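What follows is a single structure, written as C-alpha cells, with notes after it.
The values are calculated or read from the model by the stated rules, or taken from the named source; none is laboratory data. Small disclaimer: the values here were computed from a predicted structure and weren't measured. Cβ coordinates were reconstructed from backbone atoms using ideal geometry, including for glycine residues, and neighbour counts include every protein chain displayed.
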Amino acid sequence: MKPLPVPLLFLVTVLAYAQDAGQEAERIRGEKIEDILRIQDMRTPFDGKLVGLLSDKDPVVRRRATLAYGSLQDSTAIGLLTHNLTDDDPDIQNVAAFALGQTGSCLGERGRKELEHDLIWNRLPITLAAGRLVEEIGKFGTGAALADLMTRVGNVPPVKDPERLMMSIARFAVRGIVSADGVNFLLRYIQPGEPAPWQALYALQRIGDRPEIRDRIEFLRLLYTHKDPLVRMNLATLLGKLRDAGGATEVLQRMADYDSDWRVRVNAFKALATVTWRGHGSVIKTFERGFFDATQHVSITALSEFPQIGVDRSDTTGEAREALHQLAAIAENSSGGFPWPLQAEAATALARIDGALPKALGSPDDGIYPKLRARLLQAAGQTSDPRARAILFDAAARKEPVIVCAALDGLQSLGHASPRDLDFQTSVTALCLRLLASHDVAVVTSCASLLGDSLFRRGESVPALLKVLADLRPPRDTEAMQEIIATLGSMHDSRALQPLVGLLESDDPAVAAAAVSALRTLTGNDYSGRTQRKAEPLYVDLDFAYLRSLPAVVSVKLETSKGDVLIDLYRDVAPFTVMNVLKLAGERGFYRGLAFHRVVANFVVQGGDPRGDGWGGPGFAIRSEFSLLSYETGSVGMANAGKDTEGSQFFITHSPQPHLDGRYTIIGRVVSGMDVIDRLQPDDHMYDIVVVK
C-alpha cells in the first residue's frame, strides 16, 4: 500500500486534531454546564465557582450561569449581572436583564432605588437588551422608576418595542404602582382604525379605574368587535372595573351573549357582576342565558357571579322570578341532567341569595358525591338557617378531609355572619384544636387558617399550634407549617418567639421564609439575615446521564378522558423539572388515572395530585427553575406553595397570564389539543403521560 502524499497526510492530521479539539471543548462545556445546574439545584452559589462562570470565555456557559441567577435570586451577584448587560453575545444581555428583574425584588427599598436608577439612566443606552430590561424593571421598580421610564423611554417617540413598556407598566400596576403618564402611553396605542395590542388592554385592566381611561371610554367600548380575542377579554375586565361608565354595561351584555370566544364571555360575566341590576333588567336575562351556555366554563361563571348583582327573593319583576326559578332547578338537579359542578355553583348562589340550606344536601349517608357534598356544606355556611350549625359540626367529625375542610369553611362563614356570638366562636375554636391532631395536611392547614382569623384568634390555641408544628416535617407538611407559622405570628404571643426563631434554620426555604414573615409581624424586626444560605435541599436528583439522554424538546402525549393533548417539554428551559415529570410519568406511572382537581375558567386547568383535592404530591419537593418564557395560551407550568416547593402538580393556561411569569416554573407548551384543554372540567381524568417516540 502506497503511503499518502505529504499534503494529504497533513490535511488528515489537521482534521483529526480539529475533531479531537472540538470534542474536548464540548466535553469541557458539558462539565461546566453540569456544574452550573448542580449549583443552581443545590442552591449553593457561595463558593465563587458560579461567579467565575459568569465571565467564562464560552458564551454558552456564560448564558447558563447568568440564567441560573434568575432562579437563585442572589442579590450579591447584581453587579456582575449588570456587567453582563453589555456582553458580546446579545442573548446573554437578555438573560442578564431577566436575572436582574428576578433578583431586584429581593432588595430593600434603598437597594431597589439604587439599582433602578443605574439601569434606567446608565445601562439602557448601552445594552442591546433595552426592551427586556424595561419590562423586567416593572417587576421590582419603585414609583420613581416608573416615572423615570416614562421620561427616558415612553416620552421619546418612536418607542422601540412598545409592548415591552406596556408589560412593564402592567407589572408595576400588579404591585399597585400607577402613573398618569403610563396610562396615557397605553392609550396612545389604542387609536381609531389602528390595531390595538392586547398588551395595552392587559395593562389598562391591571390599572383599573382612572380618569384618563374614563375620558376615552366612548372609543374603548368599540373594541368589543376587535378581531383579537385577547383584546376583547381584557377589555371586558377593564369595563367591569369602570362599572357602568359610558354605557359599559350594554357592551358587556353583548360580549356575554354573543362573543364567539368562551374566554371573552367568561370575563364579560365576571365584569357584569360589578353592576347592580336595578335599572338594567336585561342584565338578569343575560345571566339566565349564561346559566345554560354551551360552554360549561361560561355557565359556571354566570352562576357563581349572579348573586353579586343584587337579586333577592323580594324582587317581584318577571326577570328576577324566572332567573331564581331556573337557579333553583339547577341547584336541586332532580333529573340529574346537570354536571355536579353546575349544581354546586347554583346551590351556592341560591344560598347566598335567599339564605336557605341547599335542598340537595340530604343526609351524610345518602351516597352523594363527596366533592358535591363539600361544596354544598360550604354553601350551608352562607345561609341563615339555624340547622346549618349542627350539620356543619357533624360534617367536621367525618373522616374525609375534603368534607372536614368544607365544614370548617362553612363554620367560619357562619361565625362572620354572627360576630357577637362568643359561644359559637368558642365551640369552633375547640373543634379546630381537636382536629389539629389529625395530622392531615389539608385539615391542619384549614384549622390553622381558621384559628388565625381575628374572630377565632385565642391565646389558648398557641400551645396546641406549637405542639403540632413541632411534629410536622417538610416537604410533605410544608403548606400546613406555613399556615401555622403565619397564624402564630398574627397572635403576637411571646411563647411563639423562640420556636419561630428556630425555624429560621429550616432546610426548607419556604418554611424559613414563613418564619421570617411571622417574626416580622410578631416583633417588627427583620430576621431574613439569619436564614441558612447554604441549606442543602431535602431531595436531590442530579441524574445528568438521564438529562443527556433527552432531546432538547421532548414531545409527550397527555391522554385525558376528553381526548389527547400533544405537549412539547423544554429540557434546557427547566431541566430538572422536566426530568422529574418524565420520571414520575415513566418510571412510576404516577399520573395514570389522576384527576384534574382544579379548573378555573379562563385561567388554568390543574392536575397531578394523587389525593385529588390539591393537597397531594410525590412526597418530595424540587427547586423552581425560572426562565425568560412567558405564560401564554397553553403554557405548562408547575404549581407550588412558594419558591422551591414544586412536586408533581402541573397546570395549563387557558390564556396569557403574565402575572405568573418568573414565579412559576414553565416546562413546556401545548402543541395541539388546546380544544381538549378548554373542555376539561373538575374530576376529568388523565389516563397517562407518555413520551411520543
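Assorted remarks:
- Residues located in region 305-326, provided they are surrounded by fewer than 20 Cβ atoms within 10 Å (Cβ to Cβ) and either within 16 Å of ARG265 (Cβ to Cβ) or charged (D, E, K, R) (or both): ASP312, ARG313, ASP315, GLU319, ARG321, GLU322
- Some residue of region 293-302 being of a type in the set (A, V, I, L, M, F, W, C), in contact with a Ser or Thr (Cβ under 8 Å, 6 or more places away or on another chain), buried (at least 21 other Cβ atoms within 10 Å of the Cβ) and part of a helix (DSSP H, G or I): no
- Among (1) of a type outside the set (Ser, Thr, Tyr); (2) out of contact with any Cys (no Cβ under 9 Å at 6 or more places or on another chain); (3) in a loop (DSSP other than H, G, I, E, B) - the single one ASP675 does not satisfy: (3)
- Counting only residues that are outside any helix (DSSP H, G or I) and either at pLDDT below 95 or in contact with a strand residue (DSSP E or B) (Cβ under 6 Å, 6 or more places away or on another chain) (or both), region 126-158 holds 4 of them.
- Residue within region 381-389 that is more than 24 Å from GLN425 (Cβ to Cβ) and buried (at least 20 other Cβ atoms within 10 Å of the Cβ) present: no
- Filter result for THR86 (under 30 Å from the mean Cα position of the chain (by Cα), at negative phi and hydroxyl-bearing (Ser, Thr, Tyr)): no
- When residues in region 441-483 are screened for being over 22 Å from the mean Cα position of the chain (by Cα), crowded, with 20+ Cβ neighbours inside 10 Å and within 23 Å of PRO537 (Cβ to Cβ), 1 of them pass.
- Within region 329-365, being without any contact (Cβ under 8 Å) to a residue 24 or more places away in the chain and either over 21 Å from ALA406 (Cβ atoms) or touching an Asp or Glu at 6+ places or on another chain (Cβ under 8 Å) (or both) holds for ALA329, SER334, SER335, GLY336, GLY337.
- Flag: GLU632 matches the condition of being surrounded by fewer than 21 Cβ atoms within 10 Å (Cβ to Cβ) and assigned to a loop (DSSP other than H, G, I, E, B).
- Exactly one residue out of SER438, SER427 is without any contact (Cβ under 8 Å) to a residue 40 or more places away in the chain, within 24 Å of HIS597 (Cβ to Cβ) and more than 28 Å from the chain's Cα centre (by Cα), and it is SER438.
- Flag if ALA621 is small (Gly, Ala, Ser) and under 24 Å from GLY563 (Cβ atoms): no
Let's see how each residue does on (1) more than 19 Å from GLY614 (Cα to Cα); (2) of a type outside the set (S, T, N, Q); (3) modelled with pLDDT under 95:
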position	(1), (2), (3)
ALA349	yes, yes, no
GLY355	yes, yes, yes
LYS359	yes, yes, yes
ARG375	no, yes, no
ALA379	yes, yes, no
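- Matching residues, region 142-170, being of a type in the set (Lys, Arg) and surrounded by 24 or more Cβ atoms within 10 Å (Cβ to Cβ): none
- PHE626 vs. criteria buried (at least 19 other Cβ atoms within 10 Å of the Cβ) and in contact with an Asp or Glu (Cβ under 6 Å, 6 or more places away or on another chain): no
- If you go through region 458-510 and pick out every residue that is touching a Gly at 6+ places or on another chain (Cβ under 9 Å), assigned to a helix (DSSP H, G or I) and farther than 16 Å from SER438 by Cβ, you end up with 13.
- On inspection, ALA437 qualifies as among the aliphatic types (A, V, I, L, M), on the phi < 0 side of the Ramachandran plot and surrounded by fewer than 20 Cβ atoms within 10 Å (Cβ to Cβ).
- Residue ranges of helices (runs of 4 or more DSSP H) in region 342-457 with at least 1 members of a type in the set (S, T, N, Q), within 30 Å of ASP312 (Cα to Cα) and in contact with a helix residue (DSSP H, G or I) (Cβ under 8 Å, 6 or more places away or on another chain): 370-380, 401-417, 422-435
- For region 40-112, the helices (runs of 4 or more DSSP H) that sit wholly inside it and include 1 or more residues that are under 29 Å from THR645 (Cβ atoms) and among the charged types (D, E, K, R) are 49-53, 59-72.
- Within region 189-213, the set of residues being loosely packed, with under 14 Cβ neighbours inside 10 Å and modelled with pLDDT under 95 comprises GLN191, PRO192, GLY193, GLU194, PRO195.
- Look at region 557-575: where a residue is over 22 Å from ASP675 (Cα atoms) and acidic (Asp, Glu), no partner that is at pLDDT below 95 and buried (at least 16 other Cβ atoms within 10 Å of the Cβ) sits 6+ places away or on another chain with Cβ atoms under 7 Å.
- In region 672-684, the residues that are buried (at least 17 other Cβ atoms within 10 Å of the Cβ) reach residues that are at pLDDT 95 or above and part of a helix (DSSP H, G or I) with C-beta atoms within less than 6 angstrom, at least six apart or across chains, in these pairs: GLN681/GLN296; PRO682/PRO341.
- Candidate set: region 548-600, residues that are over 30 Å from VAL60 (Cα atoms) and among the small types (Gly, Ala, Ser); chosen: the one surrounded by the most Cβ atoms within 10 Å (Cβ to Cβ): ALA585
- Unmet criterion (only one of (1) surrounded by fewer than 17 Cβ atoms within 10 Å (Cβ to Cβ); (2) at pLDDT 95 or above; (3) outside any helix (DSSP H, G or I)) for ALA329: (3)
- Tally of residues being within 25 Å of the chain's Cα centre (by Cα), closer than 18 Å to MET167 by Cα and not basic (Lys, Arg) across region 104-148: 14
- Listed by first and then second residue, the pairs with beta-carbon distance under 9 Å, at least 6 apart or on different chains, first residue in region 380-398 and without any contact (Cβ under 8 Å) to a residue 24 or more places away in the chain, second assigned to a loop (DSSP other than H, G, I, E, B) and not charged (D, E, K, R), are LEU392/GLY381.
- Number of residues in region 171-183 that are surrounded by fewer than 22 Cβ atoms within 10 Å (Cβ to Cβ) and under 16 Å from LEU115 (Cβ atoms) equals 2.
- Residue-level check: of (1) modelled with pLDDT of 95 or more; (2) buried (at least 21 other Cβ atoms within 10 Å of the Cβ); (3) more than 19 Å from VAL573 (Cβ to Cβ); (4) not charged (D, E, K, R), PRO45 misses just (1).
- Pair list, Cβ < 7 Å and 6+ apart or interchain, from region 94-111 residues that are more than 18 Å from ASN122 (Cβ to Cβ) to residues that are of a type in the set (Val, Ile, Thr) and surrounded by fewer than 24 Cβ atoms within 10 Å (Cβ to Cβ): GLU109/THR142
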